[in-house]
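Below you'll find the structure, written out as structure tokens, and then a few comments.
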Amino acid sequence: MTGVAVPRERMLRSRELELFVRERGEGRPLLLINGLGGNVDMWDAVEERVSTFARTIAFDCPGCGRSPAPRGPVTIGRLATMVSTALDELGYEQVDVLGFSLGGLIAQQLAHDDEARIRRLALVATACGWGSMPGSREALTLLAMPFRYHSRFLYDQTRWLLAPADRDLLERTPELSDSRLKYPPSLLGYMTQLWAGALWSSLPWLSSVKTPTLVVHGDGDRLIPPANAVQLARHLPVSRLHIVANEGHLLVFDSESAALPRLADFFASPTLDESETWATATAVDDNATLERAFAETPGMEPYRTLSSAFRRAVQRLTDAA
């Protein structure tokens, strides 16, 4: 990668978990939290974009990349605590955070549990967990196939289940597939993360998170439909929404995506008032916009109906409080 500093890599013990950590560049620290089964080598496009102003900190979740599988169950709360402890070990009192997909769940939990730790937060291609809108049947089928990361043949044969924008990205960027296949997640690590996400929700407390948050989503995301970005931006009190045209779930790994300069501007600007991204992104300040986005999204059943019931239950509790 042209112009990007040589990485500093190490194994770090965070409580009872071991993590492979990579730091790169100089400047304000930017923590990158990857999605389900991901590894640090996938962050090349982001690291290259922010290398002029940020020191990136990336890690492999337990059981992924070069981090050993966890002993026992892992929850999103436990992963957020792991991140906070790791930052203490690395000497970072405050960081910016970019959470992608499942990493966005961990980032939300971290912002809730350790608010002073985060200066600014970007949530990319993610959701609030229970209470969100599920993806398409094809996308969720892929999610349940960790074996594909252990076989290039199976990986290639199942690519047709991806959204068109994601297929196009993988064709243009073969090194992204190479990085996934070089360090595949262990089946235990993958399934542990999958269940951690499936049993979690930020919806009951999302409105209490005051961290300035940029919500970024591709309009062609079939795994986590863009309606979920609208939901996050509606409930987070200090937030803006940017939907990127012609991008899928993997937009943050696309060096040509319009999302990357937006994210770079958001993190690099000295104040929010000086951020063009913040000024031009959308503030979702009415429920009608959210209700319309949900109504227009099919979502796979029966999860769609169950998640809708959870939303109503949370709303009843909120109204009664």
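Among rounded, prolate and oblate, which fits the stretch 8-320 when a ≥ b ≥ c are the square roots of the eigenvalues of its C-alpha gyration tensor, a/c under 1.5 means rounded, and a/b larger than b/c means prolate? Here the stretch 8-320 falls in the rounded category. Taken as Cα centroids, the stretch 14-80 and the stretch 110-164 sit 16 Å apart, rounded to the nearest whole angstrom. Taking all Cα-Cα distances within the stretch 141-257, those exceeding 17 Å account for 65%. Projecting the Cα atoms of 133, 74, 277 onto the charge dipole of the stretch 8-320, computed from C-beta unit charges around the Cα centre, puts 74 farthest toward the positive end. Taking Lys and Arg as +1 and Asp and Glu as -1, the other residues whose beta-carbon sits under 11 Å from that of residue 121 total +2.
Counting only DSSP H runs of at least 4 residues, each contributing -39500 (n - 2.57), and dividing by the residue count of the chain, the helix-based mean residue ellipticity at 222 nm comes to -11500 deg cm²/dmol. With the simple model of a label 7 Å out from the Cα in the direction of the Cβ, residue 256 to residue 113 spans 4.0 nm. Restricting attention to the stretch 8-320, close to 35% of DSSP beta bridges with both partner residues there are antiparallel. Scalar couplings 3J(HN,Hα) for the stretch 240-247, obtained by applying the Karplus form with A = 6.51, B = -1.76, C = 1.60 to θ = phi - 60°, are 9, 10, 10, 9, 9, 5, 6, 10 Hz; x denotes Gly and Pro. I want to make sure I understand the PRE zone here: with the label point 7 angstrom from the Cα of residue 291 toward its beta carbon, which residues in the stretch 217-232 have backbone N atoms less than 18 Å away? Answer for the stretch 217-232: 227-228, 230-232. Estimated from the Cβ-Cβ distance and a Förster radius of 35 angstrom, the FRET efficiency linking residue 150 and residue 10 is about 0.85.
Within the shell defined by Cβ-Cβ distances under 10 Å, the residues around residue 218 carry a net charge of -4, with Lys and Arg each +1 and Asp and Glu each -1.
Among 166, 114, 319, the ranking by other beta carbons within 10 Å of each residue's beta carbon, starting with the fewest, stands as 319, 114, 166.
Throughout, read-outs are computed from the coordinates displayed, never taken from laboratory work. The model shown is predicted, which means the values in this text are computed figures rather than measured ones. We place every Cβ from the backbone using ideal geometry, glycine too, and count neighbours over all the protein chains shown.
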